[in-house]
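Enquirer: Encoded as structure tokens, here's the structure I'll be asking about.
What follows draws every value from the coordinates through simple rules; no lab data is involved. Predicted, not measured: the structure shown is a model, and the values here were computed from it. Please note: Cβ atoms are built from the backbone with ideal geometry, for glycine as well, and neighbour counts cover all protein chains shown.
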Amino acid sequence: MSKRITQEREPRPHVKCAHDLCIEPAILSRKLKGGWANLCKRHELFHIQQEADEFCRVKNLTTRLAQMAFIREKLTPKDSPRVHWERVLQTHGLAPIAYEMARNYLRGRGYEREAGQDDEEVAA
Ligand SMILES: [Zn+2]
């Protein structure tokens, strides 16, 4: 039997959640105010919610309307599509499809792709 198969059959070591009395296994480590802690899914969500609550408190987003207005403002594009796609072309390290979409947009062709560009068409 190969080493790889043997490793797949071995159970993963149980890592205890950092919360007292919690019996769920930890799924990740997260840096909290007191240091790194191994957390189960439920306690990970608990800490995410705590951070979100603190963020809203600091930003004075105390009502649902204020929170929704904040998100809308954050999601509203600051630039025109043309400026956005020009910036994409000036940015290094993006996925090739981003540059293709930018060139298509700037050529006035929107987001449409040409036949043969999709991976499935190449593989077929
Ligand atoms: Zn837990």
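Enquirer: Please report, to one decimal in angstroms, the Kirkwood hydrodynamic radius of region 11-75 built from all distinct Cα-Cα pairs.
Expert: 13.7 Å
Enquirer: Still on this structure, please answer the following. Just to be sure I understand the model, the point goes 7 Å from the Cα along the line to the Cβ. What's the resulting H84 to R103 distance in nm?
Expert: It works out to 2.1 nm between the two label points.
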